[in-house]
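Enquirer: First the structure, then my questions, so here it is.
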Amino acid sequence: MKHLHLWLLLLCCGAAFAQNTFVATLKNSETQEPLYGVSVSIKTLNKGAISNAEGLVRIENIPNGTYSLELRYVGFETQNITRTFPLSAEENDQTFYLHHAEEEMEEVVIQSTRSSRTFQDIPTRLEFIAGEELAEKGNMKPGDIRMLLSESTGIQTQQTSATSYNSSIRIQGLDGKYTQLLRDGLPLYSGYSGGLSLMQIAPLDLKQVEVIKGASSTLYGGGAIAGLVNLISKTPEDEPELSFMANGTSALGLDLSGFYSQNYGKTGATVFASYNLGTPYDPADNGLTAIPKFERFTLNPKFYLYFNEKTNLNVGFNYVNEDRLGGGIDYVEGDSETGYFERNKTDRLSTQISGSHQLSDNTTLTIKNSISFFEREIDIPSYTFAGRQTSSFSEVNIATNLAKTEWVAGANLWTENFKQQQGDPAQDLSFTNYTAGVFAQNIWDIQEQWTLETGLRTDYQSDYGVFVLPRLSLMFEPTNLLTFRIGGGMGYKTPTVFTEDVERLQFRSVQPINIDETDAERSLGFNLDGNYKWSITNDLNLSTNVLLFYTRIDDPIVLNRTSGAMYEFIQPGGHIESSGIEANMRWKYKDFKLFVGYTLADVDQHYNGASEQYPLVSQHRLNNVLMYEKHDNFWIGLEGYYYSPQKLNDGTTGQSYWILGVMTEKKLGDKFSIFLNFENFLDTRQSRFDTIYTGTLNDPNFRDIYAPVDGFVINGGFKLKL
């Protein structure tokens, strides 16, 4: 009996330590050719191997158990497969087909976090739009970035003018003033210029768009309470680029653009130019322009100097000139000399300078500066408001990248001056202020599965004093398939007259802010999310993400109508709360992709002991996109977006609606492609199920715009890349 027990013990130990072998063949899914040099690894066992010239890979001495294997090859999508050892006869010596990576997420380095890490290695939860997805959105609205952002989960663009199309960004239901819009990390689109920024930024010279939701105070200041959107410009590559795009719409719109980029060795340059034309368009036949008459010219040149391997400098400027006229269709078309109108004339000029010098192998010094000049004149019947905004931003920072930690520390200075040039002298909105800040941020690899990011900023604002803003993010990655992130931080927003409510009034009858009687708005927010990737079969892949978010803003500034038909900013006492869920699923099966996104945004305002729903927030939203794509050949997509009823500022509730669209592109060779899109083909318009205004056509009182006003529009054109 004693020998029997010993024999059973040895048998069990042998089974526990049994060794297995994984054998597979790796091939290109398009050409069926074997792939040489594919990396196959089992990270939990610290084992791996490389495929040979026949595409064969072999990993030995694998203990019994269930493991995740990662198949990685440059230029191809990374695959993750799960196998339980010992393998069955059907699972051993299989062939796996790798697909070309149209979106190489692992290779994308995010600039908004000032880190050298790739997208998946950053504790801060960040979303980005790049590659072919960015190109697809650019096809649909080549003249502005409104659609590019509004079709992302958790982001809503709010139209502030019924006739001129002015819009702002809302992240997780919060007012547009709580979101920072940046260009290459520089705040070029804030303040007075913010009301038209979305409509004046063409997306065609963008490399990627990065979105951080929630407080992002450490690097960019307290104003990023709801989040920030950072537009990253294209830079000169090894291969020169010369591309052109032409687009026309059924609403008689025209977009022409060109982009040039080249690296000359010690120097480089990029130049983007566009001409955008809009024709007055009234699909509802209600006598008002859903799309205004406008003409816009944009020029963005940028020059690069590469002094040596350690030092570089780039200098650029951005110029935009636009004349935008909306209102009564007869007046805008010149058929009548009377009627309601809203005219915006703008001139925007900004300069950007950025340079870096490598102090050592792991330490880099960076300086950057921007100066922005923005003039805007708003004309409506019997009233004109005009002003000039001059603002600047300067920063110096040092970044150090050590073995398991990264540091970035620096100081920056914002200045802003607004001079009212026309308007009611009794309501002069002119002001001057500045903000000086110092910051430090650290990313620390605590262990293989744990990464911590901490940050601290201290600002001095000339009108409202000192603000201390801590921030923290933690990432836990138990496997290469599953990632958790949790983060939170504090922010602030100094009172400003440049809000959505003031834009709706065209700055008329608005009293200036009394600095002595107001305080800065302060915020506290956090989010928690989990991301899971699953290769169900060789051809079917699923990526899911669920985000829980919460933001509280204390002492919000509210625009209130006084008894004398004037508007003043007050702080009623209380707070705003935004909480909810964002859920995303991305399925991929061979050449098909299905994206499903859901947003629950519960935003409430608590003033003077009473609580009510925050206006103009779609509490439930669905984003659905089904795409069929043959890489470098043809793609077609079907989009469907649902918006639940929204509470309006007049106390009523708007109706729910769907927006459906079809987008297509066909490549004809390596250099030429044509595209055709059917946007909102159900012709969903607010004018079909609700009113746009009350009163008369010559003296309208506009209601909130919560649904599209332009309806079904077809656009199409071509792209040429030389």
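The values are calculated or read from the model by the stated rules, or taken from the named source; none is laboratory data. Bear in mind the structure is a predicted one, so any value in this text is a computation, not a measurement. As a convention, Cβ positions derive from the backbone with ideal geometry for all residues, glycine included, and neighbour counts pool all protein chains shown. Heads up: the accessible areas ignore ligands, DNA and RNA and are worked out on the full protein's heavy atoms, side chains in. Shrake-Rupley method; radii C 1.70, N 1.55, O 1.52, S 1.80 Å.
Enquirer: Just checking, how many residues over the stretch 537-561 are of a type in the set (Val, Ile, Thr) and without any contact (Cβ under 8 Å) to a residue 40 or more places away in the chain?
Expert: 2
Enquirer: Another one. Please state which one of Ala426, Ala399, Ala436 is out of contact with any Leu (no Cβ under 6 Å at 6 or more places or on another chain), surrounded by fewer than 18 Cβ atoms within 10 Å (Cβ to Cβ) and of a type outside the set (S, T, N, Q).
Expert: Ala426
Enquirer: Taking Gln120 as the residue in question, decide whether it is farther than 13 Å from Pro203 by Cβ and in a helix (DSSP H, G or I).
Expert: yes
Each row is one residue, and each column tells you yes or no for (1) open to solvent by 40 Å² or more (accessible area, probe 1.4 Å); (2) hydroxyl-bearing (Ser, Thr, Tyr); (3) within 25 Å of Ile122 (Cβ to Cβ); (4) within 25 Å of the chain's Cα centre (by Cα).
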site	(1), (2), (3), (4)
Ser354	no, yes, yes, yes
Ser372	no, yes, no, yes
Arg376	no, no, no, no
Thr390	yes, yes, no, no
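Enquirer: In the stretch 144-172, which residues are at positive phi and within 15 Å of the chain's Cα centre (by Cα)?
Expert: Gly154, Gln172
Enquirer: Can you tell me which residue in the stretch 279-315 is surrounded by the fewest Cβ atoms within 10 Å (Cβ to Cβ), limited to those that are closer than 30 Å to Asp330 by Cβ and of a type in the set (Asp, Glu)?
Expert: By that ranking, first place goes to Asp285.
Enquirer: Restricting the stretch 539-561 to residues that are assigned to a loop (DSSP other than H, G, I, E, B) and either open to solvent by 40 Å² or more (accessible area, probe 1.4 Å) or charged (D, E, K, R) (or both), which is farthest from Lys590 (Cα to Cα)?
Expert: By that ranking, first place goes to Asp555.
Enquirer: Scan the stretch 27-53 for residues that are among the polar types (S, T, N, Q) and either over 21 Å from Thr84 (Cα atoms) or open to solvent by less than 80 Å² (accessible area, probe 1.4 Å) (or both) and jot them down.
Expert: Asn28, Ser29, Thr31, Gln32, Ser39, Ser41, Ser51, Asn52
Enquirer: Could I ask something else about it? Identify, please: which residue in the stretch 562-587 is of a type outside the set (Phe, Trp, Tyr) and buried (at least 20 other Cβ atoms within 10 Å of the Cβ) and is, among those, farthest from Ile171 (Cα to Cα)?
Expert: If we take residues in the stretch 562-587 being of a type outside the set (Phe, Trp, Tyr) and buried (at least 20 other Cβ atoms within 10 Å of the Cβ), then Asn584 is farthest from Ile171 (Cα to Cα).
Enquirer: What are the residues in the stretch 29-59 that are in a loop (DSSP other than H, G, I, E, B) and at negative phi, if any?
Expert: Ser29, Glu30, Thr31, Glu33, Leu35, Tyr36, Val38, Ser51, Asn52, Ala53, Glu54 - these are the residues of the stretch 29-59 that are in a loop (DSSP other than H, G, I, E, B) and at negative phi.
Enquirer: Which one is farthest from Ile576 (Cα to Cα), of the residues in the stretch 588-626 that are hydroxyl-bearing (Ser, Thr, Tyr) and open to solvent by 30 Å² or more (accessible area, probe 1.4 Å)?
Expert: Out of the qualifying residues, it is Tyr589.
Table: residues versus (1) farther than 28 Å from Met475 by Cα; (2) of a type in the set (Ser, Thr, Tyr); (3) in a strand (DSSP E or B).
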| site | (1), (2), (3) |
| --- | --- |
| Leu413 | yes, no, yes |
| Asn417 | yes, no, yes |
| Leu429 | yes, no, no |
| Ala436 | yes, no, yes |
| Gln441 | no, no, yes |
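Enquirer: A follow-up question, please. Please tell me if Thr366 is open to solvent by less than 40 Å² (accessible area, probe 1.4 Å), at pLDDT below 95, part of a strand (DSSP E or B) and farther than 23 Å from Asn276 by Cβ.
Expert: no
Enquirer: Look through the stretch 92-117, keep the residues that are within 22 Å of Lys630 (Cβ to Cβ) and either in a loop (DSSP other than H, G, I, E, B) or hydrophobic (A, V, I, L, M, F, W, C) (or both), and return whichever of them is modelled with the highest pLDDT.
Expert: Filtering first and then ranking leaves Phe96.
Enquirer: I'd like the full set of residues that are over 16 Å from Ala426 (Cα atoms), of a type outside the set (A, V, I, L, M) and touching an Asp or Glu at 6+ places or on another chain (Cβ under 7 Å), limited to the stretch 555-576.
Expert: Scanning the stretch 555-576 gives Asp555, Pro556, Asn560, Gln571, His575.
Enquirer: So, one more: Would you confirm, using the coordinates I've provided, whether Glu295 is acidic (Asp, Glu), out of contact with any helix residue (DSSP H, G or I) (no Cβ under 9 Å at 6 or more places or on another chain) and part of a loop (DSSP other than H, G, I, E, B)?
Expert: Taking the combined requirement at face value, the residue does not satisfy it.
Enquirer: Those residues that are open to solvent by 30 Å² or more (accessible area, probe 1.4 Å), of a type in the set (Ser, Thr, Tyr) and either more than 30 Å from Ser161 (Cα to Cα) or modelled with pLDDT under 95 (or both), I need them from the stretch 252-278; list them, please.
Expert: Hits for the stretch 252-278 are Tyr260, Tyr264, Thr267.
Enquirer: Here's a follow-up. If we keep just the residues of the stretch 306-353 that are free of Cβ contacts under 8 Å to residues at least 60 places away in the same chain and among the β-branched types (Val, Ile, Thr), which is nearest to Asp710 (Cα to Cα)?
Expert: Ranking the candidates gives Ile329 first.
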